[in-house]
Amino acid sequence: MSVTEFFANLPFRPDAFQELAAEAIETGASVVVAAPTGSGKTLVAEVAVHLALARGRRAFYTTPIKALSNQKFADFRTSYGEERVGLLTGDNSINGNAPIVVMTTEVLRNMIYSDPESLDYLDTVILDEVHYLQDRFRGAVWEEVIIHAPSHIQLVCLSATVSNADEFTDWVRSRRGPTKLVIEETRPVPLESLYAVKDRFSDEGLVIEPMLVRRKGRTEPNPDIVRLLARKRSRRRYATPRRGEVVAALAGRDMLPAIYFIFSRAGCEDAAERLMEGGIGLTTSEERSLIRQHAEQRTAHLDDQDLAVLGYDRWIALLQSGIAAHHAGLVPAFKETVEDLFLRGLIRVVFATETLALGINMPAKTVVLENLSRFTGETHEVLRPGDYTQLTGRAGRRGIDTQGYGVVLYSRFIEFDRVAGIASAGSHALRSSFRPTYNMAANLVANYPQVQAEKLLNASYGQYQRRRSVASLRRTLEPKEQRLGELEKESQCERGDVEEYLQLLRAVDGAGLRKVAGNFIRTLQPGQVLEIPGGKRSGRYVVVKQWRGADPPRVVLISEKGTVAQFRSGDFSPGTARLGVLSLPKPYQPRDPGFQQTVVTALRSFRSTRTDPMQPAGADPVTDHPVADCPDRSTHIKAARLIERSRREVQRLRHQLALEGGGLVEEFHAILDLLGEWGYVDGWGLTPAGEQLRFIYNELDLLVTESVSLGVFDNLDAAETAALASCFVYEPRAEQMDHQLPTPGLEERWSSVVDCGNSLNQAERTRHLPETRQPHPGFSALAFAWAHGEDLDSLLDDDDLAAGDFVRTCRQLLDLLRQLRDAEPTLRRQVSDAIRMLDRGVVAAGGLS
């Protein structure tokens with residue numbers, strides 16, 4: 001069947017860009033399609049699959065995430081039948097020899113390196129979300145596929161709109177031969193960008209106006225909003241609208257369903273809860289019944305005990321209200337239920353983090369951006385134009401809406417002109433994140449002569465762009481060096497060594513701290529002012545309520561920001577102290593907003609006259625340290641904590657800048673030099689250890705392989721194997737105190753891993769190579785306990801890890817364990833046992849969803 005016949009069988013007429021791309025694919029050329037989200041790029045992929053099958057050959061469809069692979073797998077099975085479609089994601093291997101196989105991009109990369117013969121009958125590879133190659137952690141995989149895929153394979157690259165699509169296509173053409181660029185800039189449903197601001201002096205209250213206007217053929221910021229915000233006393237007059245106000249306004253204007261982006265998991269959960277508690281009615285009784293029915297079907301594979309731990313009843317209540325949260329902390333079954341219900345029109349508002357913007361099919365009528373600034377883990381960054389385009393790409397449902405809306409909320413921290421500039425720019429340039437890794441180097445040595453390997457590296461998109469990046473790096477480094485100097489000054493204390501004091505705080509045993517904190521809570525009285533110097537809840541608070549006799553002890557505090565929250569022993573960090581007492585307003589009404597505001601105002605002007613630290617009985621090196629009594633202690637500690645990250649960032653940038661003077665080939669030779677010294681290569685050949693390295697596809701690939709060579713996994717039982725291996729996959733989302741390994745024997749082996757990591761970093765610094773991230777033991781106790789059969793409730797009760805994070809980390813751990821099982825025969829039995837013991841319950845369900 002030709003392309004013309006394929007399109008003739010469709011119930012709709014394809015767009016011009018779809019026809020243009022299909023014609024190019026039919027000629028055998030590779031194709032790059034750059035088009036807005038929701039414009040119909042998937043139809044181009046379906047044409048490519050159809051043509052591959054018509055030629056009697058195979059087609060692979062690759063995606064950046066497993067959830068998207070699962071979704072595409074289901075779609076293709078509906079179209080082509082179960083027998084003709086397979087799925088390979090690392091978690092799942094279903095019908096892998098089928099004519100159509102959906103997979104994550106890493107799986108295809110691994111096949112190219114380890115089993116290229118399996119690609120002999122492969123006709124076409126669709127690289128969905130190919131703009132993901134700019135991701136600094138995983139993006140290099142897309143370039144590896146484009147560079148190393150056998151030359152007979154046709155590539156169909158599907159990308160969001162980027163400003164340098166022609167440059168990217170030129171590079172693909174240089175690697176793959178004839179390549180057609182197809183650009184579609186028109187959205188299938190027009191987007192109107194709106195700006196929402198709360199006007200305290202207006203009867204209207206919430207103002208929602210177009211952000212941009214057309215004048216004399218140009219797009220510019222709406223002058224009405226510019227004049228509005230320029231009025232006197234604007235900081236007192238204007239505020240960010242409350243979430244409930246925004247949703248109510250959207251409902252009143254028939255602008256639902258909406259995706260409401262909040263760049264915080266806790267913010268998403270809080271917003272959903274508060275909206276439900278506010279009593280907004282978004283669903284009918286019939287819809288509530290359907291929602292429960294679908295949710296029960298979607299979660300039927302989870303047992304009752306796990307559902308209870310996951311807060312199932314509260315989650316169902318939210319869904320039945322037409323409200324949901326969506327973020328990476330949810331288990332897959334919950335996320336996919338939300339996606340399904342939203343797609344069916346039963347959920348009207350989803351509060352989501354930006355992870356929702358990647359590929360998942362969830363079109364809405366309106367997208368709300370609460371803030372254009374997001375926290376990256378180390379600093380706050382303003383969204384780039386392409387990020388705005390990607391997030392608002394979900395606004396406007398094709399065939400349903402005639403208009404989509406992107407609503408940005410007022411923030412006094414980002415000028416309106418800047419917001420309008422981001423919204424009007426449309427897209428940003430695609431930037432490569434490619435650089436050689438130890439695993440890549442081993443596979444290049446194994447698969448190519450040296451001259452060809454070096455030629456491949458020189459021909460990478462990364463090398464092409466790398467020559468231009470030196471000036472940009474220098475501009476980035478300068479303010480970070482300046483900030484580091486400021487932090488070093490702020491961390492200095494005339495009373496003592498702040499760094500030493502910080503280490504003492506971190507050395508406090510977690511269980512002991514909870515006991516001390518529990519006793520401390522029992523002594524608290526309303527009106528007492530507290531200072532928590534570190535952790536997620538650092539800051540100054542006043543006690544407004546104490547539960548007498550509660551077990552575990554708990555207390556209600558109000559922060560300087562006006563947040564009212566319940567605290568338990570796990571919320572207090574070492575060094576927490578009483579600073580004095582505030583007189584609370586009378587009458588005593590802690591739930592009254594006026595009472596709370598009066599307390600907050602008094603707290604902000606409070607000046608400490610004494611310090612009464614939380615401490616155990618007897619001598620304590622933390623509280624006896626001279627810095628403990630410093631009135632500026634909180635400032636010193638905060639600066640000292642930030643210095644560690646700041647130094648790492650400055651050091652990383654300096655190393656990167658040193659590398660840019662050379663190129664990827666020079667970096668590759670530095671890697672080979674290190675691998676030669678460590679016994680992984682011998683000339684242009686691999687040693688047995690190098691062969692093992694080829695099959696470890698982990699961010700810490702060389703450290704994992706070297707740890708295996710050193711024998712740190714030898715003679716461990718299955719649970720210990722899981723615990724130690726988890727250190728190579730786990731990354732804490734925020735600073736964590738040091739964790740102990742679950743057994744004394746593992747502590748000794750962990751020390752060997754740390755020593756090995758330090759030696760590797762030293763070898764990398766000598767060669768000006770990027771330093772390998774240090775492993776982290778923060779998940780080891782959880783992995784050990786889960787492997788021993790502990791239930792989810794007991795594991796997550798005293799841990800900050802969300803259930804979704806637990807499942808995802810276990811799935812990553814299983815992936816690494818499978819690599820170890822296949823790469824090192826001597827560990828096969830204990831690793832296989834570890835896999836069996838980990839892959840159960842909610843973790844196994846996470847792999848199947």
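The values are calculated or read from the model by the stated rules, or taken from the named source; none is laboratory data. Since the model is a prediction, treat every value here as computed from it, not as a measurement. Don't worry about glycine lacking a Cβ; one is built from the backbone with ideal geometry, like all the others, and counts go over all protein chains shown. Heads up: the accessible areas ignore ligands, DNA and RNA and are worked out on the full protein's heavy atoms, side chains in. Shrake-Rupley method; radii C 1.70, N 1.55, O 1.52, S 1.80 Å.
Please sort by residue number the GluC sites (Glu not before Pro) in region 166-222 whose DSSP state is loop and whose Cβ has at most 11 other Cβ atoms within 10 Å. Could the numbers behind the result be given before it?
On the way: sites: 167, 184, 185, 192, 204; in loops: 184, 185, 204.
Taking region 166-222 and a limit of 11 other Cβ atoms within 10 Å, the loop GluC sites (Glu not before Pro) found are 204.
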Rounded to the nearest 20 debye, what is the charge dipole size of region 640-797 about its Cα centre when +1 sits on each Lys and Arg Cβ and -1 on each Asp and Glu Cβ? 640
Per the 1/(1 + (r/R0)^6) rule, R0 = 41 Å and r from the Cβ atoms of residue 773 and residue 164, FRET efficiency to 0.05 is 0.85
The chain: antiparallel bridges as % of DSSP beta bridges, rounded to 5, reads 45
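Of all accessible surface on region 214-273 at a 1.4 Å probe, what whole percent is carbon and sulfur? Kindly include the intermediate steps, with their values, before the conclusion.
Working: 1570 of 3400 Å².
The computed percentage sits at 46.
Taking square-rooted eigenvalues a ≥ b ≥ c of the alpha carbon gyration tensor, is region 512-573 rounded, prolate or oblate, where a/c under 1.5 means rounded and, failing that, a/b exceeding b/c means prolate? Intermediate values should be presented prior to the final figure.
Details: a/c = 1.83, a/b = 1.18, b/c = 1.55.
Cα axes put region 512-573 in the oblate bin.
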Toward the positive end of the charge dipole of region 147-300, about the Cα centre and with charges on Cβ (Lys, Arg +1; Asp, Glu -1), which of 152, 177, 201 goes farthest? 201
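If the only charges are +1 at each Lys and Arg Cβ and -1 at each Asp and Glu Cβ, what is the size of the charge dipole of region 788-827 around the Cα centre, to the nearest 20 debye?
Details: 4 positive and 11 negative charges, 89 e Å.
For this selection, approximately 420 debye.
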Ordering 531, 478 by the accessible surface of their heavy atoms, 1.4 Å probe, largest first, yields 478, 531
Which of 704, 741, 556 sits farthest toward the positive end of the charge dipole of the chain, with +1 on the Cβ of Lys and Arg and -1 on the Cβ of Asp and Glu? 556
Compute the separation of the alpha-carbon centres of region 781-797 and region 15-57 and state it in Å as a whole number. 47
I'd like the accessible area for residue 811: 1.4 Å probe, protein heavy atoms, all chains in place, Å² to the nearest 10. 10
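Evaluate the charge dipole of the chain about its Cα centre and quote only its size in Debye, nearest 20, assuming +1 on the Cβ of each Lys and Arg and -1 on the Cβ of each Asp and Glu. List each step's numbers first, then the result.
Numbers: 102 positive and 113 negative charges, 724 e Å.
About 3480 debye.
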Cross-link partners of residue 489 among lysines (Cα-Cα below 18 Å; sequence separation of 8 or more within a chain): 480, 638
I'd like the distance separating the alpha-carbon centroids of region 72-112 and region 170-222, in whole Å. 35
Straight-line reach only, C-alpha to C-alpha below 16 angstrom: list the lysines that residue 41 could link to, leaving out same-chain residues fewer than 8 apart. 72, 180
Options (i) 93, 31, 22; (ii) 48, 32, 27; (iii) 43, 37, 28 - which one matches semi-axes √(5λ) of the Cα gyration tensor in Å as calculated here: (iii)
Suppose each label sits 7 Å from its Cα in the direction of the beta carbon; what would the residue 648-residue 551 distance come out to in nanometres? 4.1
What are the ³J(HN,Hα) values, in whole Hz, obtained from phi via the Karplus relation 6.51 cos²θ - 1.76 cosθ + 1.60 with θ = phi - 60°, for each residue of region 624-635 in sequence order, with x given for Gly and Pro? 7, 5, x, 5, 4, 9, 6, x, 9, 3, 4, 5
Stretchable slack from residue 403 to residue 296, in nm (0.36 nm times residue separation minus alpha-carbon distance): 35.1 nm
Accessible area of region 806-849 belonging to carbon and sulfur atoms, whole % at 1.4 Å probe: 48
Taking amide H atoms as placed 1.01 Å from N in the peptide plane, list the residues 5 or more away in sequence, or in a different chain, whose amide H sits under 5 Å from that of residue 576. 614
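I'd like the FRET efficiency for residue 450 and residue 624, computed as 1/(1 + (r/R0)^6) with the beta carbon distance as r and R0 of 60 Å, rounded to 0.05.
Numbers: r = 62 Å, r/R0 = 1.03.
About 0.45, to the nearest 0.05.
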Which residues in region 126-157 have a backbone N closer than 15 Å to a point placed 7 Å from the Cα of residue 684 along the Cα-to-Cβ line? none
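Taking the solvent-accessible surface of protein heavy atoms with a 1.4 Å probe, what is the per residue accessible area of the chain in Å²? Display every interim value, and only then the final one.
Values: 37840 Å² over 849 residues.
Using a 1.4 Å probe on heavy atoms only, each residue of the chain averages 45 Å².
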Subtracting the Cα-Cα distance from 0.36 nm times the residue separation, let me have the gained length for residue 206 to residue 474 in nm, one decimal. 92.1 nm
FRET efficiency, residue 762 to residue 500 (Cβ-Cβ, R0 30 Å, nearest 0.05): 0.75
Distance in nm between residue 691 and residue 791 label points, each 7 Å along Cα→Cβ, equals 4.8
Which value, in Å² rounded to 10, gives the accessible area of residue 273 with a 1.4 Å probe and all protein chains present? 50
Could you check the spin-label model distance between residue 591 and residue 277? Points 7 Å from the Cα along Cα→Cβ, value in nm. 1.0
Please work out the Kirkwood hydrodynamic radius for region 230-322, using every pair of different C-alpha atoms, and report it in angstroms with one decimal place. 15.6
At 1.4 Å probe size, with no ligands or nucleic acids counted, give the accessible surface of residue 756 in Å², nearest ten. 10
Take the solvent-accessible surface of the protein heavy atoms, probe 1.4 Å, and return the percent of it on region 20-101 that carbon and sulfur atoms account for. 47
Decide, for region 487-606, between rounded, prolate and oblate: order the square roots of the alpha carbon gyration tensor eigenvalues as a ≥ b ≥ c, take rounded if a/c falls under 1.5, and otherwise choose prolate if a/b is larger than b/c, else oblate. oblate
